[in-house]
Amino acid sequence: MVPITITPQNLTQSVSSHSTPLQITWKKLVVMDVDGVLFKGQFILHVARSLGILVYIRTALLCLLFNMDKMSIHTLITRVYARFQGIMLGQAQRIYENIPVIVRARETIATLRNHGYLVVFISSGVPDPFVKDLAARLSANHGYGIGIDTNADRLTGVVFGPLLKPGGKKDLIEEMLVKNNLSWQDTIVLVDDRNNIDIMEKAGINIGVNAHYAVRKRAQYLIDSGNLSEMLDIMDVEDADSYKTLFAGMRKQFAHSWYQEIRRKFLHVLIAFAPVFAHFIYHTTLITLFSIVIVYLISEGLRINGYSLPLFGGVTKSSIRKLEERGIAYGPITLVLGACLCLLCFPLHIASTVIWIVAFADTAAAMVGMSMGNHRIPYNIKKSIEGSLAALTVAFLCGWISLPFFPALLTAFFSSIIESLPLRSLDNLLMPLGAGMILLCLGYF
């Protein structure tokens, strides 16, 4: 990364005349939204919560309509702030000061500035004095928010300013680009909702942070970890001026994907307990498994819109793959449904065998494939021959616990074939069902 540079001409001028400011040549412009990106949650929802449950529910419904593209940002903010009439400015400031900020925000922004980046906060929902204060707290260069009208230190409910207009953020950014001799290609935006789509499409780099679905499907990069320093890893790759720098950044991402895969497969093998519990509490086990599917779908719906279900959401965020960040991760759904269908359709001893096969053989295939998979399968280059052999071996051992040698080997062979197919997440469903059908055909009722 290139450090901040000061031109000699401007430096000479500043020495000779204190009234002339230093003209800094910035490498790039970094624009950060406030609500949902720097703040955990939205300022207007935090204020609404302090006014009672009815105001909070109404505000939340208005935000939902905005996220569904049924309402403009101007309508949303003006209607919400109209309900804030009479709130003391000091009370609003205390609410603002108590909103949690994303982890390592100050350190990340300081690093960006030290390496020549102009960092600016822009918000269409947070009052301008608070955004400016936040910029000072977090060492950003500038902060811009909406104007709020007050009377005797109380909010009148009236809001104003260019950031409430369509394209307001884009116009403000273009002014800064002209002033600092930069272009949209030199711009990096960190955003979370559809109010920022126009600047996302023009920026050189766009990053979705706890992004809603409209942003998530368009973003070049996503940060769902709740840690802003992840942005620095992204910039290491984007700004790499040597293979060494590029490799260092990519190595961090590769290590992160390994940790994700290990966590994912740890959760994967937990399905092996399903037949154990079913042996003692069959109906309760089925009800629990179906309940997990429902809760998981709710959690995923929240995740792809920038929210997190307590406890459950953190687990799914930590284990999904990069390719699954932009939509619902269906792997856990097919895994649990596969286990449920096996328990419903097959005798318990067959269901136990095939569920153990999908729990352990699929995990072995993924781990061996990632670490030693050098030979690609011709009909599915995303998987390796080494991974399939590992699946075959582990599936055979799972079957041999309760089956004779030949049926165990045949079942393992068909299971490994299904696992190797380009089925994405459907292998979690088809692998145990296919293995169970083989055993039924062989007469193991």
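Structure summary
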item: Per residue accessible area in Å² of the chain, where ligands, DNA and RNA are left out and the probe is 1.4 Å; result: 49 Å²
item: Tilt relative to the chain, helix 282-303 - C-alpha long axis, 0 to 90 degrees, to 10; result: 30 degrees
item: Descending semi-axes in Å of segment 86-205, equivalent ellipsoid built from Cα gyration tensor; result: 26, 18, 12
item: Cα gyration tensor, segment 119-189 - rounded (a/c under 1.5), prolate or oblate; result: oblate
item: Efficiency of FRET between His142 and Asn227 - r from beta-carbon atoms, R0 35 angstrom, step 0.05; result: 0.90
item: Cα-Cα over 22 Å, subset of Lys132/Lys179; Lys28/Lys217; Lys132/Lys202; Lys70/Lys217; result: Lys28/Lys217; Lys132/Lys202
item: Cβ charges +1 (Lys, Arg) and -1 (Asp, Glu), total dipole of segment 79-146, debye; result: 100 debye
item: Kirkwood hydrodynamic radius of the chain, Cα pairs, Å; result: 25.1 Å
item: Dipole in debye (nearest 20) - segment 61-190, about Cα centre, beta carbon charges: Lys, Arg +1; Asp, Glu -1; result: 220 debye
item: Protection-proxy order for peptides 176-183, 353-360, 387-394, each taking the mean of Cβ atoms within 10 Å per residue, highest first; result: 353-360, 387-394, 176-183
item: Magnitude of the charge dipole, the chain, Cβ model with Lys/Arg +1 and Asp/Glu -1, debye to 20; result: 280 debye
item: Ordering of 135-148, 201-214 by packing [mean C-beta count within 10 Å, highest first]; result: 201-214, 135-148
item: Positive minus negative residues near Leu182 (Lys, Arg vs Asp, Glu; Cβ under 14 Å); result: +1
item: Gain in span if fully extended, Arg376 to Arg424, counting 0.36 nm per residue against the direct Cα distance; result: 15.7 nm
item: Charge context of Val55, other residues only, Cβ under 9 angstrom, K/R +1, D/E -1; result: +3
item: Euclidean distance of C-alpha centroids, segment 371-392 and segment 58-109, integer Å; result: 50 Å
item: Arg49-Thr78 FRET efficiency (beta carbon distance; Förster radius 25 Å; 0.05 resolution); result: 0.80
item: Within the chain, helix-based [θ] at 222 nm, where runs of 4 or more DSSP H residues each add -39,500 (n - 2.57), nearest 500; result: -17500 deg cm²/dmol
item: Amide H partners (placed H, <5 Å) of Val126, local residues excluded; result: Ile146
item: Contour minus Cα-Cα distance for Leu348 and Asp133 (0.36 nm per residue); result: 71.1 nm
item: Choice from Leu163, Leu302, Leu65 with maximal GNM fluctuation in the chain (Cα, 10 Å cutoff); result: Leu65
item: Listed residue (His46, Gly434, Phe273) projecting farthest to the positive dipole end of the chain, Cβ model; result: His46
item: Listed peptides 372-383, 39-50 by packing density, highest first (mean Cβ within 10 Å); result: 39-50, 372-383
item: For segment 267-305 versus segment 171-225, the gap between their alpha-carbon centres in whole angstrom; result: 38 Å
item: Surrounding net charge for Asp35, when Lys and Arg each add one and Asp and Glu each subtract one, Cβ distance under 12 Å; result: -2
item: Unit charges at the beta carbon, dipole of the chain: most positive-side option, Leu76, Val178, Met231; result: Leu76
item: Anisotropy class of segment 148-222 from Cα gyration tensor, a/c 1.5 cut; result: oblate
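The values are calculated or read from the model by the stated rules, or taken from the named source; none is laboratory data. Keep in mind it's a predicted model, so treat the numbers as computed, not measured. Note that each Cβ is placed from the backbone with ideal geometry, even for glycine, and that neighbours are counted across all protein chains shown. Keep in mind that these areas ignore ligands, DNA and RNA; they rest on the heavy atoms of the full protein, side chains included. Shrake-Rupley method; radii C 1.70, N 1.55, O 1.52, S 1.80 Å.
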